[in-house]
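Student: Got a structure here, written out as structure tokens. Questions coming.
The values are calculated or read from the model by the stated rules, or taken from the named source; none is laboratory data. Nothing here was measured: the structure is a model prediction, and the numbers come from that model. Positions of Cβ are generated from backbone atoms using ideal geometry, with glycine treated the same way; all protein chains shown enter the neighbour counts. For the accessible areas, the whole protein counts, side chains as well, though only heavy atoms, and no ligand, DNA or RNA atoms are used. Shrake-Rupley method; radii C 1.70, N 1.55, O 1.52, S 1.80 Å.
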Amino acid sequence: MMPGEHKPGPLSGKHALVTGGGRGIGAAIARALLEQGAAVSLLGRNRQTLDAAARELAAVGEVACFAADVADSDAVAAAFAAAARRGTVDILVNNAGQAHSAPFLKTDAQLWREMLSVNLEGTFHCTRAALPGMLEKGWGRVVNIASTAGLTGYAYVSAYCAAKHGVIGLTRALALELATKGVTVNAVCPGYTDTDMVRETVANIVQKTARNPEQARAELTAGNPQKRLIAPEEVAGAVVWLCLPQSSAMNGQAIAVAGGEIM
Ligand code: NAP
């Protein structure tokens with residue numbers, strides 16, 4: 001696509017910012033939003049990863065990159081101010097996240113704070129940065145990528161589970177607060193999805209137990225009634241649907257994309 005050119009679609013004229021958009025689920029969401037006509041900004045810590053993703057996505061639509069750590073409120077404010085020069089952020093996808101596992105008594109204060117600061121406070125900082133523009137326009141979509149770990153407990157990920165439950169609580173409260181303002185707030189809750197995050201989890205299980213990679217992978221898919229990993233594109237499909245103009249009655253929901261693991 002030429003600079004300034006947008007693929008026509010139901011999200012034409014909308015500017016979407018996807019945190020953690022350089023790889024994994026975030027990159028799939030960015031592509032799906034571009035395919036619906038949105039202009040997309042990618043935000044992440046690693047500039048090279050972002051630039052590589054932007055080069056790949058350039059054939060689909062107009063992409064710009066902003067480097068920031070979502071846990072750093074000043075960096076987030078600066079990145080959103082720069083992104084706003086492309087136009088108001090109409091759609092915010094809070095996708096950046098990390099999942100480190102440890103038994104509870106080995107979850108030290110540093111790991112606890114890291115999980116909360118990236119997964120929960122990052123969502124807080126980015127939403128605070130994007131919301132004024134949405135309120136001014138009287139239209140907006142906030143989609144928080146939580147997890148099935150935001151809807152139920154899993155052993156050995158207490159800090160991650162607490163953070164993702166927090167993301168869903170934030171989603172529900174803010175959805176009510178903004179219900180008459182034209183802005184919807186929803187969460188999408190993937191089960192184990194085929195990305196670097198799951199590859200790292202498999203490597204971790206192999207390292208800490210006697211299991212081989214196939215056994216470790218089977219352990220992760222065992223809880224999914226479809227006995228498989230979710231594809232990033234399947235998560236992206238749910239996100240895009242929530243962003244469409246006709247989804248304006250979808251508000252405060254936490255939608256599991258997990259093959260029936262949670263119901
Ligand atoms: P991933 O492949 O590990 O990618 C994580 C993304 O988040 C990367 O783009 C990374 O970019 C970015 N990121 C991490 N920490 C960041 C920070 N402090 N500031 C800014 N960006 C940061 O993970 P994924 O599987 O795509 O996960 C995406 C989201 O889905 C996460 O919120 C995760 O919790 C959630 N989720 C994943 C699964 C799964 O099984 N994969 C299941 C349920 C929920 P940089 O490294 O460049 O910063």
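Student: Restricting attention to region 83-97, does a residue exist that is without any contact (Cβ under 8 Å) to a residue 24 or more places away in the chain and crowded, with 17+ Cβ neighbours inside 10 Å?
Tutor: no
Student: Could you list, in sequence order, the residues of region 67-99 that are more than 14 Å from the ligand (Cβ to nearest atom) and either out of contact with any helix residue (DSSP H, G or I) (no Cβ under 7 Å at 6 or more places or on another chain) or in a strand (DSSP E or B) (or both)?
Tutor: 81, 82, 85, 86, 87, 91
Student: Which count do you get for residues in region 129-144 that are within 15 Å of the ligand (Cβ to nearest atom) and open to solvent by 10 Å² or more (accessible area, probe 1.4 Å)?
Tutor: Total meeting the criteria: 1.
Student: Filtering region 49-76 down to residues that are closer than 19 Å to residue 126 by Cβ and open to solvent by 40 Å² or more (accessible area, probe 1.4 Å), which residue is nearest to the chain's Cα centre (by Cα)?
Tutor: Per the stated criteria, the residue is 69.
Student: Taking region 194-211 as the search range and keeping residues that are in a loop (DSSP other than H, G, I, E, B), away from the ligand (no atom under 11 Å from the Cβ) and open to solvent by 60 Å² or more (accessible area, probe 1.4 Å), which one is nearest to residue 25 (Cα to Cα)?
Tutor: My answer is 211.
Student: Scan (1) small (Gly, Ala, Ser); (2) at negative phi; (3) over 16 Å from the mean Cα position of the chain (by Cα); (4) in a loop (DSSP other than H, G, I, E, B) for the single condition residue 37 breaks and write down its number.
Tutor: (2)
Student: Which pairs turn up if I take residues in region 23-34 that are open to solvent by less than 20 Å² (accessible area, probe 1.4 Å) and look for partners that are among the basic types (Lys, Arg) with beta carbon separation below 9 Å, at least 6 apart in sequence or on another chain?
Tutor: Pairs that qualify, where the first residue is open to solvent by less than 20 Å² (accessible area, probe 1.4 Å) and the partner is among the basic types (Lys, Arg), are 33/14; 34/7.
Student: Can you name the residue in region 35-48 that is surrounded by 21 or more Cβ atoms within 10 Å (Cβ to Cβ) and of a type in the set (Gly, Ala, Ser) and is also nearest to residue 19 (Cα to Cα) among such residues?
Tutor: The residue in question is 44.
Student: Let me ask something else about it. Could you check region 35-64 and list, in sequence order, the residues that are farther than 15 Å from residue 141 by Cβ, more than 8 Å from the ligand (Cβ to nearest atom), touching a strand residue (DSSP E or B) at 6+ places or on another chain (Cβ under 6 Å) and in contact (Cβ under 8 Å) with a residue 40 or more places away in the chain?
Tutor: 62
Student: Checking residue 169 against (1) within 29 Å of residue 34 (Cβ to Cβ); (2) free of Cβ contacts under 8 Å to residues at least 12 places away in the same chain; (3) in a helix (DSSP H, G or I), which test does it fail?
Tutor: (1)
Student: While we're looking at this one, here's another question. Restricting to region 153-189, and then to whatever is of a type in the set (Val, Ile, Thr) and open to solvent by less than 50 Å² (accessible area, probe 1.4 Å), can you tell me which residue is nearest to the chain's Cα centre (by Cα)?
Tutor: Per the criteria, the residue is 188.
Student: Another question, if that's okay. For region 7-22, which positions are buried (at least 20 other Cβ atoms within 10 Å of the Cβ) and either part of a loop (DSSP other than H, G, I, E, B) or among the charged types (D, E, K, R) (or both)?
Tutor: 11, 14, 20, 21, 22
Student: Separate question: Going through region 212-245 one residue at a time, which ones are among the small types (Gly, Ala, Ser), more than 11 Å from the ligand (Cβ to nearest atom) and either open to solvent by less than 30 Å² (accessible area, probe 1.4 Å) or within 30 Å of residue 39 (Cα to Cα) (or both)?
Tutor: The answer is 216, 237, 238.
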